[in-house]
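Since the structure comes first, as structure tokens, the remarks are kept for the end.
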Amino acid sequence: MTLCRIISFVLMAFCGIIYRFHRDKSIDRKRTYVLIANHRSNLDAPVAAYCWPGKVRYLAKKELLKIPLLSAIFSVTTVNVDRSSREDRRKSVDRLKRYLNEGDNIFIFPEGTRNKTDDQALIDFKDGAFNIAIQTQTPILPMIYINTDVLMPNKLPLMRPGIIDIYQFAPFEVTGLTEADVPMLKTKIRDFMYTQYEQLRKK
């Protein structure tokens, strides 16, 4: 287990939070993936740190490392990006592509920021994860986190003990796709995740 996962597990256990995994049996964890997940709470960051057993590099806004506990989790494994700088965004993408080519997984929240709405399961996806996946011909593995926004709501400064369900779905292959296919791929995966989230949150 990596240091990143150990810190995340200990932090959540101390807070009385349990992870419960639901993994598609077709997933080959020996492959390299672009990992993506929905983002509704600050708890999603430590969940992301724990949810995959292999080596993972995370794309995160630079402000994340100003939070002490999250800094401890992500300082070594994160590619930090200044979202206000186009050049910084380009360099961050280049680093992520290099990590994929070296065999590391990468993790991106495709919404680009926390979804703070009360009436939308997902907000619009950015192109980044899908561009990177197609340019490196790396499959995209979507995940859904359920209950993080209940245990740590956006509008209240509290954290409750409880269970976080982590659903990991079969990957979407991108073999043969080109950058012209990014809008189609982004819409296809967002629609899939939207449907899954709406079904799972009602369980």
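The values are calculated or read from the model by the stated rules, or taken from the named source; none is laboratory data. Computed from a prediction, not measured in an experiment: that's the story for all the values here. Note that we place each Cβ from the backbone using ideal geometry, even for glycine, and neighbour counts take in every protein chain shown.
Quick one: in the range 90-109, which of the residues that are free of Cβ contacts under 8 Å to residues at least 60 places away in the same chain and among the hydrophobic types (A, V, I, L, M, F, W, C) is surrounded by the fewest Cβ atoms within 10 Å (Cβ to Cβ)?
Per the stated criteria, the residue is Val93.
May I ask you to list the residues in the range 85-131 that are among the small types (Gly, Ala, Ser), over 17 Å from Ala45 (Cβ atoms) and in a loop (DSSP other than H, G, I, E, B)?
Result: Ser85, Gly103, Ala121.
Taking the range 137-165 as the search range and keeping residues that are within 23 Å of Leu100 (Cα to Cα) and out of contact with any helix residue (DSSP H, G or I) (no Cβ under 6 Å at 6 or more places or on another chain), which one is surrounded by the fewest Cβ atoms within 10 Å (Cβ to Cβ)?
Among those residues, the one meeting the criterion is Gln137.
In the range 1-55, which residues are part of a strand (DSSP E or B) and closer than 30 Å to Thr175 by Cβ?
Phe21, His22, Arg23, Val34, Leu35, Ile36, Ala37
What number goes with the only condition from (1) touching a strand residue (DSSP E or B) at 6+ places or on another chain (Cβ under 6 Å); (2) modelled with pLDDT of 80 or more; (3) of a type outside the set (A, V, I, L, M, F, W, C) that Lys62 does not pass?
The one condition Lys62 does not meet is (2).
Criterion first (modelled with pLDDT of 90 or more, farther than 25 Å from Gln135 by Cβ, crowded, with 16+ Cβ neighbours inside 10 Å and not acidic (Asp, Glu)) does Tyr33 satisfy it?
It is false that Tyr33 is modelled with pLDDT of 90 or more, farther than 25 Å from Gln135 by Cβ, crowded, with 16+ Cβ neighbours inside 10 Å and not acidic (Asp, Glu).
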